[in-house]
Amino acid sequence: MRSSPRVSRAAILLSTLAACGCAGAPSAERPDPGLPTAPTASKGVAADAAAAGWGTARLPDGHSVVLELAVTAEAQARGYMFRERVGDDEGMLFVYDRDDLRGFWMKNCRVPLDIIWLDAAGRVVEVAADRPPCPEEGACPSVSSSSPARFVLELAAGQAAAHGVRPGARVALLFGE
C-alpha cells in the first residue's frame with residue numbers, strides 16, 4: 001500500500017546517542033536549518049509512523065539505516081526478541097506520542113544492541129552502548145532513561161559510536177521514505 005504524501009514527507013529530528021550519565025533537560029534551541037522539522041499532524045507522530053510502517057534514519061556521518069517501526073504495544077514488547085542478527089544498516093525505532101521514562105531489557109534477545117533514548121526535540125537523552133543479551137537463566141537487568149524520552153532507537157552494538165552518534169548530534173528520521 002502506498003503511503004499518503006503527508007506521511008511520506010513526514011520527517012522528524014532525532015538526536016543521537018549520549019553517554020550513560022549524560023541526560024539533561026530538553027533543549028529549547030531551534031533545529032538545524034538543513035534538517036527536516038517535526039510533523040504537526042493532529043493524530044501525532046505515532047499515528048504517522050504507524051501509517052508509514054517503516055522509516056529511514058540518517059546518522060550524523062550520513063550513513064542511512066532502514067528502520068523497523070515499533071508503534072503498537074505488541075511490537076514494542078517484542079522488539080528484537082529471537083532475532084539471530086541485526087545488520088549494520090538496520091535499526092528499530094520505538095515511537096511514542098508522549099515523553100516518559102522508558103525502561104528496556106534484553107530478554108530473549110540474541111544479539112547485543114546499542115539502546116538510544118531521544119527526546120521530542122531530537123536530542124539524545126541517554127545511551128546504553130553494547131548491551132549484551134540476558135543470560136538464559138538468572139536475572140535479566142533492565143536499563144532506563146533517567147530523563148523523559150519520546151523515542152528509543154536500537155542499533156546493532158557498536159554502530160552508534162561507529163557513525164558519530166554522540167550527545168548533541170542529530171539523526172534525521174523519515175517515515176515511509
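For R78, R123, R102, what ranking results if the residue with the fewest other Cβ atoms within 10 Å of its Cβ goes first?
Working: R78 14, R123 26, R102 22.
Lowest count first: R78, R102, R123.
Near D100, within a Cβ-to-Cβ distance under 14 Å, what is the net charge of the other residues, with Lys and Arg +1 and Asp and Glu -1? Display every interim value, and only then the final one.
Working: positive: R98, R102, R150; negative: D97, D99, D119, E126.
Summing Lys and Arg as +1 and Asp and Glu as -1 gives -1.
Using DSSP to call loops (not H, G, I, E or B), can you name the chymotrypsin sites (Phe, Trp or Tyr not before Pro) in region 71-177 whose Cβ has at most 14 other Cβ atoms within 10 angstrom? Don't skip to the end; give the middle numbers.
Working: sites: Y80, F82, F94, Y96, F104, W105, W117, F151, F175; in loops: Y80, F82.
Taking region 71-177 and a limit of 14 other Cβ atoms within 10 Å, the loop chymotrypsin sites (Phe, Trp or Tyr not before Pro) found are F82.
What does the net charge come to around S147 if you take all other residues with beta carbon closer than 9 Å to its beta carbon, with K and R at +1 and D and E at -1? Numbers along the way, then the final one.
Working: positive: none; negative: D99, D119, E126.
In short, -3.
Using only the Cα atoms of region 58-114, build the gyration tensor, take square roots of its eigenvalues as a ≥ b ≥ c, and label the shape rounded, prolate or oblate: rounded if a/c is under 1.5, else prolate if a/b is larger than b/c, else oblate.
Values: a/c = 1.85, a/b = 1.13, b/c = 1.65.
Since a/c reaches 1.5 but b/c is at least a/b, the shape of region 58-114 is classed as oblate.
Would you mind calculating the gained length between C140 and R85 on full extension (0.36 nm times residue separation, minus the Cα-Cα distance), in nm to one decimal? Don't skip to the end; give the middle numbers.
Working: separation 55, 0.36 × 55 = 19.80 nm, distance 1.99 nm.
Contour length minus Cα-Cα distance gives 17.8 nm.
Which of the GluC sites (Glu not before Pro) found in region 68-140 are loop residues per DSSP with 10 or fewer other Cβ atoms within 10 Å of their Cβ?
Hits after loop and neighbour filter: E84, E136, E137.
What's the long-distance tail for region 63-177, i.e. % of Cα pairs beyond 23 Å? Spell out each step's value before the answer.
Details: 1429 of 6555 pairs.
Result for the distance tail: 22 percent.
A short reminder: the numbers here are calculations on the coordinates, not readings from a lab. Fair warning: this is a prediction, and the values are worked out from it, not measured in the lab. We place every Cβ from the backbone using ideal geometry, glycine too, and count neighbours over all the protein chains shown.
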